Amino acid sequence: MTNGHPTREEDFDLYVLGALEGDEKQTIESHLSACADCARKLAVARGRVAAISFAAPRVDPSAAVKDRLLRQVRPESQAPSRATSESAKVPGHEFAPPEPPRGLAGRWLFGILAPACVALLIATVMLWRENDRLTKQLADLGASVDKTQKQLGDAQEMLHLYTSKDTIKVLLAPKPGMIKGDGEVMYNEKMGLLMYDGWIAPSPDDKSYQLWVVPMEGKPISAGVFNPATSDTAHWMSKVPEGIAPKMFAITLEPAGGMPQPTGPMVLVGGT
């Protein structure tokens, strides 16, 4: 039973192929009458099995194979029947094709081919499902690899920032009468990379904190918007344009989501 349904995903295909019997068949039939979702899955399974059966190329056995099979099952079939002899005498029926094997021969032939076809369809459906599962796993693995590569790239950038002789460190202190907190900015002008590490009281619901690089010349440059849920230490990196010589760094209180340029009061400030 999965997700409250007495069915597994493969049960729908097995039911369509007639491979479920007894209690399993009765259980799924009783459940289908009251579950629209499983009824939809059954309809999809019927279409899938039909598509597979039509996709398989038809292969007719050779005349020699048919003749050998009939000789083994009904030796008397080698001799022409009375009905066949009589029909040969009727005008227009001289070249009538022989009737397909009936009776014991027909049942024997059906008993061999029917289970084989069902088994082949079941195996095809199972392989189809396994291929879908492996495709999804491969996609998940690719996403995990991309995430790992990004984390590795961030770690390498952080290492370069820490070890570069061009990296400067600036302490941020609260302005008088502002929200308590403190922080530290590591900044590399040539790399255009900034890292913030600090703590500050949570912002009001309709406000956000915004970190700015204030250059020697020109307008302030946003280095990130953040909304700490607690007063725990925050730690993150940010990319800014390369070659910006900083005069100071400041955190302001802005409308939720941040602003293109500072509009609110400075909360934490640090000069170079």
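The values are calculated or read from the model by the stated rules, or taken from the named source; none is laboratory data. Small disclaimer: the values here were computed from a predicted structure and weren't measured. Ideal geometry is used to build each Cβ from the backbone, glycine not excepted, and the neighbour counts take in all protein chains shown. Accessible surface is based on the protein model in full, side chains and every heavy atom, while ligands, DNA and RNA are left aside. Shrake-Rupley method; radii C 1.70, N 1.55, O 1.52, S 1.80 Å.
Observations, loosely collected:
- The alpha-carbon atoms of the range 163-248, seen along their principal axes, cover 35, 29, 22 angstrom, with the largest extent given first.
- Exposure of residue 126 as accessible area (Å², to 10), given a probe of 1.4 Å and all protein chains: 70 Å²
- Built amide H within the under 5 Å cut-off of residue 192, gap 5+: 243
- Along the range 122-138 the Karplus relation, 6.51 cos²θ - 1.76 cosθ + 1.60 evaluated at θ = phi - 60°, assigns HN-Hα couplings of 4, 4, 5, 4, 4, 5, 4, 5, 5, 5, 4, 4, 5, 5, 5, 4, 5 Hz to successive residues, with x for each Gly and Pro.
- Size check on the range 202-272: the Cα extents along the three principal axes, sorted descending, read 34, 24, 19 Å.
- Scanning residues 5 or more positions from residue 207 or on other chains, those with amide H under 5 Å from its amide H are 256, with H placed 1.01 Å from N in the peptide plane.
- The range 138-272 - percent of accessible surface contributed by carbon and sulfur, probe 1.4 Å: 59 percent
- Per residue, the range 167-267 exposes 50 Å² of accessible surface when a 1.4 Å probe is rolled over the protein heavy atoms with every protein chain present.
- With R₀ set to 45 Å, the beta-carbon distance separating residue 148 from residue 27 gives a calculated FRET efficiency near 0.55.
- Solvent exposure, largest accessible area first (probe 1.4 Å, DNA, RNA and ligands not counted), of 8, 129: 8, 129
- Exposure check, 1.4 Å probe, all protein chains in place: residue 208 carries approximately 0 Å² of accessible surface.
- In sequence order, calculated HN-Hα J values of the range 198-208 (Karplus, 6.51, -1.76, 1.60; Hz; x Gly/Pro): x, 9, 7, 4, x, 7, x, 4, 9, 10, 9
- Heavy-atom SASA rank of 121, 20 (probe 1.4 Å, accessible area, largest first): 121, 20
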